[in-house]
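K.L.:
Sending over a structure as structure tokens; questions will come in a sec.
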């Protein structure tokens, strides 16, 4: 049962199994384990980014294709939901239609980009995705009638997903069973389903071909695989899943803007999360996204505690002053890439 | 001409030019079913280039490649593989970080046309794995099935290369120096495999080989390429004895013969 759910791709390392279980339990019971708006927000962001990074892993880690358009597809999914909820406020139909429209546009756009650029050379594809996603970002900020421009769009989600809705009157473990909780579980379950789907893709015969293409494209052709077709499908699948992740984020945040969905900063974050977690394993995306977002959201607090604990000592408190959190985040990344060149998952699996 | 009289494979005036240099110059040759033809010639004679045009890695500048009488000159390498042209490469050309088993399994998966299956677990398709294991057993690789291809010694990688070729079940098998760089005790495994394929008398084998004893013991026929042109074609003893070969090939490379 578990084997089928994970598509036969077990963690294959005790350490990795424990960490994955901890993340799963932590996210599944986040509203009860870590009550509070901020921590629930962090948990939902982790869920969505796990999907987003895992779908990027399908491209970079499994197929060896570099794309800079991943945030564009993420944004298309988010704007799809945002625009539809602007048209039909607080409707389930708006969510469904927006997600499907985003999915369709993302896959179609990915197909066209792949068709025109994958035939040539892999580096050309990277350049084209960079150009198209930059153009898309400008388009989104200029078409303010549709997208709200730089300000983005704020909209209402169905009442059942908001804090005003009470499913049952009694509290469970001191937590109100409201729409906010339902919204979180929608994000959590959809994310879990998408990650399992990606895990199935990469462990199916199709995913094996992707790995073969990454390893040796020439040889993959010689044993009869038309690599351009496989790469194109991988690009479309990855775009589709990224788009759905964007839709989930739009539902959770009730706001969609260029900074939360389209910016190149997010693209770089995705790359970092994948490299830190480990490419080509899907599980790397789970670890990378979780660690990265936790570090970004809580490193500052941790340093604040540290700095005040050190009190009057010379230099040290200044060194870990909360204002320097970005410096330490950077140091952490450099160290992790230096010591785990194959990512945390690669390290854990090698050391079993 | 009735269809049945077509040779399995045929090249007609096959030519490739790189800039002004003619690497393969109008080579016409027919390969009959059940035959094993050795292609010999000095380094740079155009043997591998000729192979690349037959299996589709290079596009011919002129001339035709025909398989069972059908012109396949315009087809891509994967399309030719599916029509029955299988190729083992001179420089070992595997999926280095995938397991030995997976290298063979991928070839079987390709032949059965299962690559676009997105939703079945590959590990649940047991018949592919069993078939791969049988081939690994025949090539003495079964003990190392779970290791990566990169972890195999050179001779093991050469054997895996042949196992992948056989896994494709091609009509035409093209071996490009299959024993190059192998230790003396590893060579017989490969030669026995080729002999076994030849023994079936249903496949067509093309073999580029430098070792003259190997060529003598395996080939029904030898063709000689020199500066891209076909200069001799016939039964082994006859070709090896011919003055043009003595001068063009064996004279130059007597140390290797």
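K.L.:
Identify which of A:289, A:309, A:204 has the largest mean-square fluctuation in a Gaussian network model of chain A, with springs joining Cα atoms closer than 10 Å.
P.N.:
Among A:289, A:309, A:204, the largest GNM mean-square fluctuation belongs to A:309.
K.L.:
Now for a separate question. When only C-alpha pairs under 8 Å and at least 6 residues apart count, what is the relative contact order of chain A, in percent?
P.N.:
So the answer I get is 29 percent.
K.L.:
Based only on other Cβ atoms within 10 Å, what is the fewest-to-most ordering of A:14, A:214?
P.N.:
A:14, A:214
K.L.:
Which percentage, to the nearest 5, of the DSSP beta bridges contained in chain B is antiparallel?
P.N.:
Taking every DSSP beta bridge with both residues in chain B, the antiparallel ones total about 55 percent.
K.L.:
Return the Cα extents of chain B along principal axes one, two and three, sorted largest first, each rounded to a whole Å.
P.N.:
57, 42, 37
K.L.:
Over the stretch B:122-256, what relative contact order in percent results from Cα pairs under 8 Å that are six or more residues apart?
P.N.:
Result for the stretch B:122-256 is 16 percent.
K.L.:
Right, another one. Nearest 500 deg cm²/dmol is fine: what mean residue ellipticity at 222 nm does chain A get from its DSSP H runs of n ≥ 4 alone, each adding -39,500 (n - 2.57), divided by its residue count?
P.N.:
Helices in chain A give a 222 nm mean residue ellipticity of -23500 deg cm²/dmol.
K.L.:
Now for a separate question. Quick one: Debye curve from the C-alpha atoms of the stretch A:1-91, no solvent, what's log10 I(q)/I(0) at q = 0.11, 0.15, 0.20 Å⁻¹?
P.N.:
Taking Cα atoms of the stretch A:1-91 as identical point scatterers yields -0.51, -0.89, -1.16.
K.L.:
Would you work out if the stretch A:1-154 is rounded, prolate or oblate? Take a ≥ b ≥ c from the square roots of the eigenvalues of the alpha-carbon gyration tensor; rounded if a/c is under 1.5, else prolate when a/b is larger than b/c, oblate otherwise.
P.N.:
oblate
K.L.:
Using a Gaussian network model on chain A with a 10 Å cutoff between Cα atoms, which of A:157, A:187, A:128 fluctuates the most?
P.N.:
Looking only at A:157, A:187, A:128, the largest GNM fluctuation is found for A:128.
K.L.:
Any chance you could check the Cα centroid distance between the stretch B:166-182 and the stretch A:286-345 for me, in angstrom?
P.N.:
So the separation of the two Cα centres works out to 55 Å.
K.L.:
Rounded if a/c is under 1.5, else prolate if a/b beats b/c, else oblate: with a ≥ b ≥ c from the C-alpha gyration tensor eigenvalues square-rooted, which is the stretch B:94-168?
P.N.:
It comes out prolate by the Cα gyration axes.
K.L.:
Would you list B:203, B:59 from fewest to most Cβ contacts within 10 Å?
P.N.:
Placing the least packed residue first, the sequence is B:59, B:203.
K.L.:
Based on the alpha-carbon gyration tensor of the stretch A:114-222 and its eigenvalue square roots a ≥ b ≥ c, which shape applies: rounded if a/c is under 1.5, prolate if not and a/b is larger than b/c, or oblate?
P.N.:
Note, shape of the stretch A:114-222 comes out oblate.
K.L.:
Related question: Using only the alpha carbons of the protein assembly as shown, determine the length spanned along each of the three principal axes and report them from longest to shortest in whole angstroms.
P.N.:
Largest first, the protein assembly as shown extends 97, 54, 48 Å along its Cα principal axes.
K.L.:
Still on this model: Mean projection of the alpha-carbon convex hull of the stretch B:111-257 over all orientations, in nm²?
P.N.:
Averaging across all directions leaves 11.1 nm² for the Cα convex hull.
K.L.:
At a threshold of 8 angstrom on Cα-Cα distance, excluding pairs fewer than six apart, so keeping six or more, what relative contact order does chain B reach in percent?
P.N.:
Over chain B, the number comes to 27 percent.
K.L.:
Kirkwood Rh over Cα pairs of the stretch A:2-350 into Stokes-Einstein at 4 °C, 1.567 mPa s: D in µm²/s?
P.N.:
Value of D from the Cα-based Kirkwood radius: 61 µm²/s.
K.L.:
So, in Å, what gap is there between the alpha-carbon centers of the stretch A:187-215 and the stretch A:255-272?
P.N.:
Computed from Cα coordinates, the inter-centre distance equals 23 Å.
K.L.:
Another question, then. Inside 10 Å of the C-beta atoms of A:198-211, what's the mean count of C-beta atoms belonging to other chains?
P.N.:
Other-chain Cβ atoms within 10 Å of each residue's Cβ, averaged: 6.
K.L.:
Could you tell me the center-to-center distance, by alpha carbons, between the stretch B:96-132 and the stretch A:65-101 in angstrom?
P.N.:
37
K.L.:
Quick check: the angle from helix B:100-111's long axis to the longest principal axis of chain B, C-alpha only, nearest 10 degrees?
P.N.:
70
K.L.:
Let me ask you something else. Arrange B:98, A:319 by Cβ neighbour counts within 10 Å, fewest through most, would you?
P.N.:
In order of increasing Cβ crowding within 10 Å: A:319, B:98.
K.L.:
Okay, moving on. With springs only between Cα atoms under 10 Å, which of B:180, B:122, B:88 fluctuates most in a Gaussian network model of chain B?
P.N.:
Between B:180, B:122, B:88, it is B:122 that shows the largest mean-square fluctuation.
Each value in this text was obtained by applying a stated rule to the coordinates, not by laboratory testing. As the structure is a prediction and not an experimental result, all values here were calculated from the model. Counting neighbours? That spans all protein chains shown, and the Cβs are built from the backbone with ideal geometry, glycine included.
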